[in-house]
1. Put +1 on the Cβ of each Lys and Arg and -1 on the Cβ of each Asp and Glu in the chain; which of His86, His132, Asn76 then has its Cα farthest toward the positive end of the dipole?
2. Can you pick out the pairs among Lys116/Lys159; Lys30/Lys57; Lys57/Lys153; Lys30/Lys153; Lys104/Lys159; Lys93/Lys158 whose Cα atoms lie more than 31 Å from each other?
3. Under the Karplus relation 6.51 cos²θ - 1.76 cosθ + 1.60, θ = phi - 60°, what is the ordered set of whole-Hz ³J(HN,Hα) values for the stretch 52-64, x standing for Gly and Pro?
4. Toward the positive end of the charge dipole of the chain, about the Cα centre and with charges on Cβ (Lys, Arg +1; Asp, Glu -1), which of Gln47, Ile17, Asn155 goes farthest?
5. With a cut-off of at most 11 other beta carbons within 10 Å, and DSSP calling the residue loop, which GluC sites (Glu not before Pro) in the stretch 1-99 qualify? Please list them.
6. Kindly put Ser39, Ser99 in sequence by how many other C-beta atoms sit within 10 Å of each C-beta, fewest to most.
7. Can you run the Rg to Rh ratio on the stretch 3-162? Use alpha carbon positions and the Kirkwood inverse-distance Rh.
8. For Ile139 and Ala162, compute 0.36 nm times the residue count separating them, minus their Cα-Cα distance, and round to one decimal in nm.
Amino acid sequence: MDTNLDPIMSLRSDHEIVRGVLNNLEGYLKKIGASSSYSLRKNLINQLNEITAFIDKDLEIHFKKEEEALFPVLGNYIGLETGPIHVMLIEHKHSRELSEDFKKSIKDYQAGGNYKTVVSAGGSFASLLSEHIDKEDHILFNMADMHLTQDEKRNIMKKILAIK
């Protein structure tokens, strides 16, 4: 199957983009934690706002691709109520919650709060999402490649392409 039409390759490609954003996020958080300059922290916080915009739009679209296109079909083989898909759905929910905490910590900092809360909340989000991507890449997507037929992959890819 053409890799441009393979849903698993498409989702793995999304993961590479997310990993790049997470690397930037972790770098900014380290700089914020190590800096004693308010103006540098303020500039770094602006960078974090760009990352949260990515999280709100692009990461949410990625989650929808998995939740609405891949998981229902793969669930026919490995189940939805327990097992890897169930865990991934729980982690998607937790990731969304940690993202909200992170955005709130940024707003609180901008209103005179503590930068350490931003570093902590951002670190928790980045850590969960990094581990989550590893699980999908090394466990769930391998299961999908093992179980899904070419027709199922084509249908999943059609659904993925329709998600905006």
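1. His132
2. Beyond 31 Å: Lys116/Lys159; Lys30/Lys153; Lys104/Lys159.
3. Residue by residue, the stretch 52-64 yields 5, 5, 4, 4, 5, 9, 5, 5, 5, 4, 4, 4, 5 Hz.
4. Gln47
5. Details: sites: Glu16, Glu26, Glu50, Glu60, Glu66, Glu67, Glu68, Glu81, Glu91, Glu97; in loops: Glu81.
Answer in residue order: Glu81.
6. Fewest-to-most Cβ neighbours within 10 Å comes out as Ser39, Ser99.
7. On the way: Rg = 17.6 Å, Rh = 16.7 Å.
Result for the stretch 3-162 is an Rg/Rh of 1.05.
8. Values: separation 23, 0.36 × 23 = 8.28 nm, distance 2.56 nm.
Stretched fully, the Ile139-Ala162 segment lengthens by 5.7 nm.
Read-outs throughout are calculated quantities, based only on the coordinates presented, and are distinct from any laboratory measurement. Just so we're clear, the structure is a prediction, and the values are computed from it rather than from any experiment. A quick note on method: Cβ atoms are made from the backbone with ideal geometry, for glycine too, and the neighbour counts reach across all protein chains shown.
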